[in-house]
Amino acid sequence: MKVISIANQKGGCGKTTTAINLASSLSLNGKRTLLIDLDPQAHASLGLDIDGQDSIYNVISKLTPRKLRIENIIKSVEDRFDIVPSNILVGTLEQELADEIGRELKLLDVIAIIKAHYDYILIDCPPSLGILTVNSIRASDEVIIPVEMSRFSMQGVDHLIDIISLIRDRLNHPVVYKVLITMFDSRLRHSFAMLSKIREKFSDILFDTIIHVNVKLKESAVMGKAVADYDKYCRGSKDYFSLAKEILTPGQAIKEPIFQPLSEKMQEMVRVESEGLTGITFSLQAPQAHSVYVTGSFNDWSLDESCRMKEEDGRWILQLPLKPGTYKYQFIVDGKWQEDPTNPQQERNSFGDINSLIEVK
């Protein structure tokens with residue numbers, strides 16, 4: 001059983017979105033998963049349409065007139081996915097625990113009662129570095145630090161790592177921590193500039209998975225569902241399923257998402273859509289490169305594994321099926337955009353650099 005905190009003192013970095021959808025994806029992989037909402041804003045509870053009238057506050061607090069055990073407040077979200085809800089009263093625990101002896105161990109004691117019932121326990125921390133976050137990290141084996149594409153979010157990582165180091169030294173509790181890139185917008189050049197900086201600074205503790213901007217993630221929260229339950233084929237669902245696979249212990253059997261067989265009507269639509277596609281091979285000579293992608297108007301300038309090129313003796317190659325038409329494209333070499341040096345068909349774009357053009361007949 002593993003306990004994983006999801007924390008960053010900066011709000012708006014995809015912390016709660018990650019907590020909800022990673023928990024859902026782990027449960028889809030057959031893991032019994034509990035999400036503990038430790039944020040007084042209760043966004044994880046709200047994002048799953050869970051009533052937080054009885055919350056983790058009633059379990060930890062000694063002042064509450066309605067004292068409960070954690071088993072009494074666990075709510076079922078999906079098959080193998082449960083949640084311990086939060087509410088605004090959780091914020092008062094910071095002050096209540098301030099002078100208590102052993103205040104850093106309150107959550108650890110609570111989790112000990114139920115940990116045998118779950119494979120993974122995820123904790124959605126508050127966007128601060130107070131006693132609640134310290135409790136969460138002390139109770140955890142690992143910490144995931146979501147980072148969106150801004151300098152402020154990177155600064156939050158440094159502060160959180162300081163707290164993790166303090167817990168290791170003062171409380172003799174070492175914790176593994178990794179950085180997760182979230183809210184990545186592949187349409188923005190700024191995103192790639194920040195990605196390069198993050199990879200340079202945190203290369204040793206960085207998840208391979210990148211969580212892209214996806215409107216379905218916001219829509220699912222409004223509907224009170226995890227994104228896999230709302231739209232299991234969307235990019236957001238695939239990104240978090242990929243993250244779950246990366247987190248699962250090596251050697252464990254990893255299930256693919258359970259998709260229903262295509263109906264006859266859908267099979268016919270796929271057949272019609274696939275007719276007329278031409279396999280186009282993109283290639284770039286770049287023997288010193290570590291990673292190369294090709295992206296363009298054919299995939300809405302997105303960045304994912306489907307456009308990662310493969311290296312063969314210094315040449316990077318990828319074949320894509322494209323419909324007839326004219327497309328703009330560029331290569332992304334180690335985070336830097338460049339046109340195709342072997343293609344004379346070019347045009348200047350609104351960013352002041354060059355798009356390469358290809359016509360599929």
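Per residue of the chain, what 222 nm ellipticity follows from adding -39500 (n - 2.57) for every DSSP H run with n ≥ 4, rounded to the nearest 500?
Numbers: 13 runs with 120 residues, N = 361.
It comes out at -9500 deg cm²/dmol, rounded to the nearest 500.
How big is the charge dipole of the range 274-331 about its Cα centre, in debye rounded to the nearest 20, if each Lys and Arg gets +1 on its Cβ and each Asp and Glu gets -1 on its Cβ?
That gives the range 274-331 a dipole magnitude of about 160 debye.
Sorted by packing (mean other beta-carbon atoms within 10 Å per residue), highest first, where do 334-341, 167-174 land?
Descending mean neighbour count gives 334-341, 167-174.
Which of the pairs K31/K336; K218/K245; K10/K310; K245/K310; K62/K178; K67/K115 have their Cα atoms more than 30 Å apart in this structure?
Exceeds cut-off: K31/K336; K10/K310; K62/K178.
Just add up the charged neighbours of I211: K/R +1, D/E -1, any other residue whose Cβ is under 14 Å from the Cβ of I211.
Details: positive: K15, K178, K216, K218, R235, K238, K245; negative: E148, D185, D208, D239, E246, D304, E305.
Neighbour charge sum, excluding I211 itself: 0.
For K361, go through the aspartates and glutamates and keep the ones whose alpha-carbon is under 18 Å away, minus same-chain ones fewer than eight residues off.
Output for K361: E273, E275.
At 24 angstrom or more along the helix axis (alpha-carbon based) and mean Kyte-Doolittle of 1.0 or higher, what helices does the chain contain? Whole DSSP H runs only. Let's see the in-between values first.
On the way: long enough: 151-171 (30 Å, 0.27).
Helices meeting the criterion: none.
Within 10 Å, Cβ to Cβ, of C125, how many net charges do the neighbouring residues add up to if Lys/Arg are +1 and Asp/Glu are -1?
My count for the surroundings of C125 gives -2.
Readers should treat all values here as calculations from the given coordinates under stated rules, not as data from a laboratory. These figures come from a predicted structure and were not determined experimentally. Don't worry about glycine lacking a Cβ; one is built from the backbone with ideal geometry, like all the others, and counts go over all protein chains shown.
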